[in-house]
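Taken together, the values in this text are just the output of simple stated rules run on the coordinates, not laboratory data. Just so we're clear, the structure is a prediction, and the values are computed from it rather than from any experiment. When we count neighbours, we look across all protein chains shown, and the Cβ atoms used for this are built from the backbone with ideal geometry, even at glycine.
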Amino acid sequence: MENTSRERRAMPRDIADQRILNVELDSGRTWVEEVPREELLRFLGGRGINAKLLYERVAPGTDPLGPDNVLIIGPGTLTGTSAPSSGRTSVTCKGPATGLYLKVSVGGHLGAELKYSGYDYLVIQGAAKDPVYLWIDDGQVEIRDARHLWGLGTRDTDRLLKEELGDDEIEIGLIGPAGENKVLFSCLIFSLYNSASRGGVGAVMGSKNLKAIAARGTGGLRVAEGDEFFDLAARTRRELAADAGSNTLHTWGTSGSVPDLNEMRMLPSYNFNEVRIDDAEKLSGQYLLDEGYLIGRESCFSCSTACHRFVHTKEHTYGEVRDSGPELETVMSLGAECGIIDTEAIIKANQLCNDYGMDVISVGHVISWAMESYEKGLIKGKQADDLDLHFGNVESQLELIRRIALREGLLGDLLANGTRQAAEEVGGDSWKWAIQAKGLEQSGVDTRMAKSYALAFAVNPRGPDHLMTETFAEFGFTEEARALIEEITGDEKFADPTLLDKRADIVRWHEDCFAATDALGFCAFTSTAAYAVNPQNMAQLYGHALGIQFSEEELMKAGRRIVTLERCFNVREGARRDDDTLPWRMMNTPVPEGPRKGMVTDKEMLDHLLDQYYDVHGWDLGTGIPKRDILQILGLLELCGDCAAE
Amino acid sequence: MDALTIDAEKCTACKACELVCSFTHEGLFAPTLSRIRVVRFMERGLSVPVVCVNCARPACVEVCPTGAAYIDRSVPVVRINEEECIGCGDCIKACPFGAADFNDEKEVAFICDLCDGEPVCVANCIYGALSFEPVRSVAQRKRRATAEAYALGEHVA
Amino acid sequence: MPNIRLRLFGFGPKASGWDTDTLSLPQDTTVSEVWQSLRSSAEEGELLARIDERHVFFLVNGKLIHGAQLQEAVLRDGDTVTFMVMAIGGQSWHPMENHRARRSPLFGERG
């Protein structure tokens, strides 16, 4: 039987033979590089290699929305294997919202497909003159006209591309109108249900006139020690399945924790003015299931947890919707933070964000900021585009989401630049309730009452959220969490989020673990919310994949190396200790009620935490710049020596 | 006779089945070489694993010109002898379920062989979308479910 | 006799359901005692009777308590005690004990 596609077929390859596909959109030139094995061992892969490539290729002062910014897509080194929940991809660039380092994590199936098509990293530079999309067909690369797709929502684009390319099994990453309009919190959608959400990666793609990346691959991946890898992966998959952290995520999704959080007075509501909201269970994953909204659970590649939701509206109050989501952050930011507890409304709001391609955390908080500003009389009349922006107004929220995505009207355009810029323009005290730092809106953890989260958020190179380092264990909710805190600090009593002691140790362990998790392609839920994937078995799986002895210490050290490199990128951009801060409200407005009433993380506490943290890292206390000797120890002196402190 | 049974409602498209299958049979992680494949309906949030249903009178065996495809009565299961397969693709065209596929590199067809009685896909499908049980048990289970629905008045005859 | 407010979440027929009650307790009753009493009065087979304690959040006035604190925490007049089925992590939960998201076509399709 003649196989005309034989020449195009991607060949099976060893997982350690990593290849970078470079694409220059101006010229249409593409070329392939190999990743030297020593580099792979130093930076683990995925997020780690991404960070190194970004550091080398994006000079300080580069315009994030200009052609010299580089967009790097790097699935993890174990992505594409049967290692459980290993299908995550890191997307790295200089971030438009912050002007600083940006790594975003995304699931779905595109990362694996890229690897099967022969590439471990996609490095995109320059900008196309007209809208284009990238088609990676089993190794062959084409840059194709996307003018007919420009302006379309993500769902229509996905469908049309699959029709055009004649294959409904291709995997696609794409932007919606929000990315095209360079909304500073527009996202990159992978495999329809997943999103590289934060910081404006969608806008970077939009600025490059790149609408989509489509891939199809048949080339298999080989690991060095097949049987050992396979058996450990299978065992770990079963252990993960037995972990209830994984199970509750499966049953109720991420929003399953809403009632618990609300009852503990930890659910941010009304733009962090409150810590609970009435009828919060209507926002919960349990409610989605009990009331029949949930019609499916979806996974990322190789993940048995399946935390994603797929819902169908019942009353169709705001239109009939069948779509993925909502997640915990969604129901917090678009729900409680905006004073909305209407399930139909939140499903609709989420669908709009999915289709326009926008980060729900930022969208929700930009609107809740606008609502507070409106109620305080700082935004009114014409400036409010004649919308009634009281908390709880669903119609206004849905309309505003559309206007933001399309940069329509004064308010839509203003909010599309994020709360930092919007507050600057609106003036008055509105900056005080812009729940942001570094230019990025904070995610839904109350950093007044969770001190290692507060520290992690303040030092996060991309801005205050939990997606570079999640120190979930500090809550001590479970035996495993308390055991982990004991392992890190020496005593289980430090599993208390209100303490200031030992926070830096807790943050540093989680930083290292999270970086390694990302680099290998694992989902952070497996290593920091459930614990069946841990530095020990990550190192073992990595070792079996590459056919080497690889220790937990080496893995964590590589994680440290990645975190430090990311820090150096920001130092080079001029970031210093002053930038490691929290939103004003978290530092100044005490928790209004509940067992942690009165708490804040004020300047004195933050300084104390930062001192601890820089000390533990070996960075200069005054500036937060890594010192030469620590760069030496981590083997980063050659790469990053130019920005070292003395 | 034991059969691989699919409960599509529980499938989440994790593709663990595809990964462990291709690895077990080809030593590679390559979903396109997996004997079991998940088909997704993204706009409905529905995923359906599709695999050889182990016909008692399989079309693939009937059409095979060389006898490379044959029934191994010991399991029982359909097998393809790679040395005798000439890569004509007739089995793929004949199978009404799309359960047979083609290995471009080896230039032979492949079909699920139930891993000789302990299917790895089932072992790695955590939430039970795949099960391996006697076909009569499947019938019994479904009869009971139907009867229960009648008994509870949920289904009008 | 201290009066306390008792809140239960997730133990009813719906996972998203609340049950609220006011209890009049003897002096120096601990959280553990309230929990055990509740458990023993539940019907056999009910989630409240059979749930593993490691799957339960114990809260007093919104504050999480666990381990020895359960026996030590003495309840005072006006306290609110909450028992919630845990949805943030926990110990071994039977993986098959989940709920179908979609009803099969025979019995009426949703979506």
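Structural remarks
- Long-range HN-HN contacts of B:GLU133 with modeled amide H, under 5 Å: B:ALA3, B:THR5
- Distance violations [Cα-Cα > 22 Å] among A:LYS103/A:LYS502; A:LYS438/A:LYS597; A:LYS451/A:LYS603: A:LYS103/A:LYS502; A:LYS438/A:LYS597
- Sum of side-chain charges, B:GLU26 neighbourhood, beta-carbon under 13 Å (Lys, Arg +1; Asp, Glu -1): -3
- The sum of -39500 (n - 2.57) across all DSSP H runs of n ≥ 4, divided by the residue count of the protein assembly as shown, sets its helix-only mean residue ellipticity at 222 nm to -10000 deg cm²/dmol.
- Restriction of the trypsin sites (Lys or Arg not before Pro) in segment C:45-80 to DSSP coil positions whose beta-carbon has at most 15 other beta-carbons within 10 angstrom yields C:ARG76.
- Here the label points at B:ALA151 and A:ARG57, each 7 Å from Cα along the C-beta direction, are separated by 6.4 nm in the simple model.
- Shielding of C:10-16 by partner chains, average beta-carbon count, 10 Å: 6
- Inter-chain Cβ neighbour average for residues A:216-227, partner chain, 10 Å: 4
- Helix B:16-26 vs. chain B, principal-axis angle (Cα, 0 to 90°, nearest 10): 20 degrees
- Counting every other Cβ atom within 10 Å of each residue's Cβ, A:LEU467, A:LEU160, A:LEU334, A:LEU484 order from fewest to most as A:LEU160, A:LEU467, A:LEU484, A:LEU334.
- Using a cutoff of 8 angstrom between alpha carbon atoms and counting only pairs six or more residues apart, the relative contact order for segment B:53-111 works out to 30 percent.
- Loop trypsin sites (Lys or Arg not before Pro), segment A:589-646 (other Cβ atoms within 10 Å of the site Cβ: 15 or fewer; DSSP): A:LYS597
- With Cα atoms, 0 to 90° folded angle of helix B:135-151 axis to chain B main axis: 20 degrees
- The alpha-carbon atoms of chain A define a convex hull whose volume equals 143 cubic angstrom per residue.
- Between A:MET11 and B:ARG57, the simple label model (points 7 Å from Cα in the Cβ direction) yields a spacing of 4.7 nm.
- Here r is the Cβ-Cβ distance between A:ASN588 and A:VAL616 and R0 is 41 Å; the resulting FRET efficiency, rounded to 0.05, is 0.95.
- Label-to-label distance for A:ASP386 and A:GLN140 is 5.4 nm, based on points extended 7 Å past Cα in the beta-carbon direction.
- The HN-Hα couplings worked out from phi for segment A:470-487 by the Karplus form 6.51 cos²θ - 1.76 cosθ + 1.60 (θ = phi - 60°) are 10, 9, 4, 4, 5, 6, x, 5, 10, 4, 4, 4, 5, 5, 5, 4, 5, 4 Hz, whole numbers, x standing for Gly and Pro.
- Efficiency of FRET between A:GLU164 and A:ASP491 - r from beta-carbon atoms, R0 51 angstrom, step 0.05: 0.25
- Computed over chain A: relative contact order in percent, which uses C-alpha pairs under 8 Å that are six or more apart: 15 percent
- Charging the Cβ of each Asp and Glu at -1 and of each Lys and Arg at +1, and nothing else, the dipole of segment A:451-643 about its Cα centre rounds to 360 debye.
- For segment A:555-604, averaging the sequence separation of C-alpha pairs within contact (under 8 Å, six or more residues apart) and dividing by the residue count gives a relative contact order of 22 percent.
- The stretch between A:SER551 and A:TRP31 holds 183.8 nm of extra length on full extension. This uses 0.36 nm per residue minus the Cα-Cα distance.
- Residue order for A:LYS162, B:LYS93, fewest other beta carbons within 10 angstrom first, comes to B:LYS93, A:LYS162.
- Ranking A:LEU160, B:ALA151, A:ALA345 by Cα position along the charge dipole of the protein assembly as shown, where only Lys, Arg, Asp and Glu carry charges on their C-beta atoms, puts A:LEU160 farthest toward the positive end.
- Working note: Karplus 6.51/-1.76/1.60 with θ = phi - 60° gives segment A:518-525 the couplings 4, 4, 7, x, 6, 7, 4, 5 Hz, where Gly and Pro are set to x.
- Loop sites in segment A:445-530: chymotrypsin sites (Phe, Trp or Tyr not before Pro), DSSP, at most 12 other Cβ within 10 Å: none
- Neighbour counts of other Cβ atoms within 10 Å put A:LYS115, A:LYS451 in the fewest-to-most order A:LYS451, A:LYS115.
- Summarising the overall dimensions of segment A:451-643 from its C-alpha atoms, the Rg and Dmax are 16.9, 55 angstrom.
- Kirkwood hydrodynamic radius of segment A:381-440, from inverse mean 1/r over distinct Cα pairs, in Å: 12.0 Å
- In Hz, Karplus ³J(HN,Hα) per residue of segment A:220-227 (6.51, -1.76, 1.60; θ = phi - 60°; x = Gly, Pro): x, 10, 10, 10, 5, 10, x, 4
- Number of partner chain Cβ atoms within 10 Å, mean per residue of A:258-266: 6
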